[in-house]
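Report on one structure; see the data block that follows.
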Amino acid sequence: MGQALLETAVAEKLTLDVWGAMPEDEPGELVNGLLVEEEVPSYVHELLVALLVRALGNWIIPLGGLVAGSDAVDRLQAAADGDAGA
């Protein structure tokens, strides 16, 4: 059903309520009212992120800081909000 909904959404805009009622594992993301295919990061993108995390970590960890990727930030926020599934 996910792919069919993704193709249908190209023609018609979704409201935030309709998008919010969709299953959590529905593929795609809401952009300007349209459900579009999520972009997959390239190898170069992932390599640059890894190098940036390492460089920032080398600087901030000795000062007691933490470096994390965007998914970790989402999970930390959910945990702070009391989401047990985080």
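The values are calculated or read from the model by the stated rules, or taken from the named source; none is laboratory data. Because the structure is a prediction, the values reported are computed rather than measured. Glycine also receives a Cβ, built like all others from the backbone with ideal geometry; neighbour counts cover every protein chain displayed.
Working only within the range 31-49, note down all residues that are part of a helix (DSSP H, G or I) and either more than 17 Å from the chain's Cα centre (by Cα) or over 19 Å from residue 70 (Cα atoms) (or both).
43, 44, 47, 48
Given (1) touching a helix residue (DSSP H, G or I) at 6+ places or on another chain (Cβ under 8 Å); (2) at pLDDT 85 or above; (3) at positive phi, identify the lone condition not met by residue 28.
With respect to (1) touching a helix residue (DSSP H, G or I) at 6+ places or on another chain (Cβ under 8 Å); (2) at pLDDT 85 or above; (3) at positive phi, residue 28 is out only on (2).
For the range 31-51, give me each residue that is surrounded by fewer than 12 Cβ atoms within 10 Å (Cβ to Cβ) and among the hydrophobic types (A, V, I, L, M, F, W, C).
31, 40, 44, 47, 50, 51, listed by residue number.
Filter the range 12-30 for residues that are under 26 Å from residue 69 (Cβ atoms), free of Cβ contacts under 8 Å to residues at least 24 places away in the same chain and surrounded by 10 or more Cβ atoms within 10 Å (Cβ to Cβ); which is nearest to the chain's Cα centre (by Cα)?
Applying the filter and picking the extreme gives 29.
In the range 60-78, which residues are of a type outside the set (Asp, Glu), assigned to a helix (DSSP H, G or I) and surrounded by 11 or more Cβ atoms within 10 Å (Cβ to Cβ)?
60, 61, 72, 75, 76, 77, 78
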